[in-house]
Amino acid sequence: MNHEKIPYRCCYQKSNKKEYRMQFLQPSTIALLSGLFFLTCIPSNRAQPYQLEWFPNSMDKLEKELSIRYNSDQLVKLKKGMHQAATFWHEADGNAEVFESFVRDHFAGDQVSLDALFNRFESNLEQLDGHMNEIAVSLRRQVDLDVGAICSFDELFSGYDPSAHIQDDFFNNKLAFAVLLNFPQTTLEQRLIEGETWSRRQWAETRLAQRFSKRIPSEVNLAIAEATAIADQYISEYNIWMHHLLNDRGERFFSAGMKLLTHWNLRDEIKAQYSNKAAGLIRQQMIQKVMERIIFQTIPETVINNPHVDWNPFTNEFKLATVQDAGIPLPADLDITGKREPDSRYATWFSTFLAARKMDPYSPSAPTLIARRFDENREIPEIRVKAMFEQVLTSPLLPKVAELIKTRLGRPLQPFDIWYNGFRSRGTYTEIQLDSIVSKKYPTAQAFEKDIPTILIKLGFPKEHAEAIAVSIVVEPARGSGHAAGASMRSAKCRLRTRVGKNGMDYKGYNIAIHELGHNVEQVLSLQTVDHTLLSGVPNTAFTEALAYVFQTRDLELLGLSQMNPESKTLNILNEFWATSEISSVALVDMAAWHWMYDHPNATPADLKMAVLQIAKDIWNRYYAPAFKQKDVVLFAIYSHLVDGFLYLPDYAIGHLISHQIEGQMNKTGHIGMEFERMVKAGSIAPDLWMKNATGFPVGAEALLSAAERAYSEIRASRK
Ligand SMILES: [Zn+2]
């Protein structure tokens, strides 16, 4: 058995399909901002052109009038608040008279009024988010749980988002303006530098202000949603029918009916073939060739998602299939002319850029998607993220580990070895043995639920805390692989969903259940024990994933079985290092491509293709070519999230680094329960501050690199 970490599978329950794109938002924020992609902020010191000409007069008038009531400090706040409100005020919100009377009524000029306003928003937003979340979870119940057939209307219910219009409502009824008038917007720089000394209340006020820092016209949201849907569909239907791949001798290497989605399934098949010593290599080479054809767009259009055509990816020849393996009748209008895919991949990607760019004018503090991603979603400056990735990729470990892989494979490295996953050794138990142990222990979802306090005590949570946490978690049988549905108000429960078969839970279901339990415990503690519900949660999903893995990697221990042997652990760290290097390279391609698009807004899909090919080659040549002894490889450009992810890929690489920092701290102290509680109490403050509180250091690559350095030395020593 191997216990390799599953890469950052998003298993948070979200009420819409854009979940992976919204990972870095808190669930509560998602409830409120659904339809928007990004948390935003507008710096108060930036001069904004107001939409209506009467604002300067009105504000001067109000300042003079209210100077009788308020001292100079309060007047500074008033000016800032009026400026913030005016930035978002449209003609339809009212004339000068309406604005002025709104300011008179809603400016909380003294601490008592401000406290009342803050407290009411905090408790009401908790109720609003909490109930919206409960509605969404209820409406999705039939689709999410293993409770019988899904009817057509169940799909409609599950797609309905009851919170979709809250943001608009809050501007229309002026609650958003009450926040803008009284709580300052902040820049990332302020949050990172001044945030170190802010009180918890200041952080909570900051998060409150951020919720109302953009007012996006519905047509912009619609354009983004449409581009997203088109890109999602393009990717989700991009299958390769593997049995129809032929070599020069017309031989087939993949089983009948095998359909692999680009790029995830193709990549995973390359990984799976490492254990096929006899015939893995030709399959891996064949898949690499398919990937290259996709990247270069020389793939014949007719072979995409088509089981009726046989194709030799090396020569690019294709013909009507001589075998049928899909059970799909031959379409009468099947076109097997020789047209290549007409750069649709790049056209689709560029459309996401054009849509995202529509939001720029409404986002003055982060006027590009790149800025919104880094400054607002991730809250780590792009320059630092890039430096972290480069730190991994320029580490002397990269060529050393490459050499080690070459030795283990017994052949020169090939480009697809960026996905090498052979740093693993067999575990002590077979999957069948583990299935049998688990199914006896957990015959039903209820049996697992009942055992949660014991599991938590084994992980080092104090007994009374373990019992209190368990009360807030309900275990239910999942229809899919499993997920953790958090609560957004303190009175609601979290749901742990996992697969429970007729014969009880199997090992895979158990492993996922333990992972999801990690999420649930984080969800419970970061909502119930945090001092402000406006700060509930963690800085972003990479943090909750890292915390979930802390649980997941201890799954065998929790069954009373011995964990991995030390060598497996060491090899796993090298595996992590190799995977982080690969995904960091892909992230750099994503980042460079978005910069290129912003620099070339009138480009054609063919221009984008040429640019991406060059970017991918440059990154390969800089970091990998010396170790692989091969230049100009383009494989980093195969990721599907490049096309549909809106600059999402850096999150994966950052996630790997964060995971190592948290795991390192857990290993150092050895007190998982207590450390877990201490860490998550910080809530959703800036990632660096959270990490400093948790580990003493900001988010960075050092923890992974030093662990990998140690692992490499140990492996070298054991080989001598
Ligand atoms: Zn997860």
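A few comments on the model shown:
- Scanning segment 678-712 for residues that are assigned to a helix (DSSP H, G or I) and open to solvent by 60 Å² or more (accessible area, probe 1.4 Å) turns up Arg678, Lys692, Asn693, Glu702, Glu709, Arg710.
- Unmet requirement for Lys259, which otherwise passes all of (1) open to solvent by less than 30 Å² (accessible area, probe 1.4 Å); (2) touching a strand residue (DSSP E or B) at 6+ places or on another chain (Cβ under 7 Å); (3) of a type outside the set (Asp, Glu): (1)
- Residues satisfying the stated conditions in segment 516-543, i.e. charged (D, E, K, R) and within 15 Å of the ligand (Cβ to nearest atom): Glu516, Glu522
- When residues of segment 346-373 are limited to those that are in a helix (DSSP H, G or I) and either free of Cβ contacts under 8 Å to residues at least 40 places away in the same chain or on the phi > 0 side of the Ramachandran plot (or both), the one surrounded by the fewest Cβ atoms within 10 Å (Cβ to Cβ): Pro361
- So Gly518, is it open to solvent by less than 10 Å² (accessible area, probe 1.4 Å), modelled with pLDDT of 95 or more and more than 29 Å from Asn119 (Cβ to Cβ): yes
- Enumeration of residues in segment 401-451 that are of a type in the set (Ser, Thr, Tyr) and touching a helix residue (DSSP H, G or I) at 6+ places or on another chain (Cβ under 8 Å): Tyr420, Ser425, Tyr429, Tyr442
- Identity of the residue in segment 647-677, touching a helix residue (DSSP H, G or I) at 6+ places or on another chain (Cβ under 6 Å) and in a loop (DSSP other than H, G, I, E, B), that ends up modelled with the highest pLDDT: Leu647
- Residue ID - surrounded by the fewest Cβ atoms within 10 Å (Cβ to Cβ), chosen from residues in segment 544-577 that are more than 16 Å from the ligand (Cβ to nearest atom) and under 20 Å from the mean Cα position of the chain (by Cα): Glu576
- Boolean, Asp590 is charged (D, E, K, R), more than 16 Å from the ligand (Cβ to nearest atom), open to solvent by 10 Å² or more (accessible area, probe 1.4 Å) and over 30 Å from Ser718 (Cα atoms): no
- Filter result for Gln630 (in a loop (DSSP other than H, G, I, E, B) and of a type in the set (S, T, N, Q)): yes
- Checked against the criterion of being touching a helix residue (DSSP H, G or I) at 6+ places or on another chain (Cβ under 7 Å) and among the charged types (D, E, K, R), segment 297-314 has at least one qualifying residue.
The values are calculated or read from the model by the stated rules, or taken from the named source; none is laboratory data. Quick caveat, the model's predicted, so the values are computed rather than measured. As a convention, Cβ positions derive from the backbone with ideal geometry for all residues, glycine included, and neighbour counts pool all protein chains shown. Just so you know, the surface numbers come from the protein's heavy atoms only, side chains and all, with ligands and any DNA or RNA stripped out. Shrake-Rupley method; radii C 1.70, N 1.55, O 1.52, S 1.80 Å.
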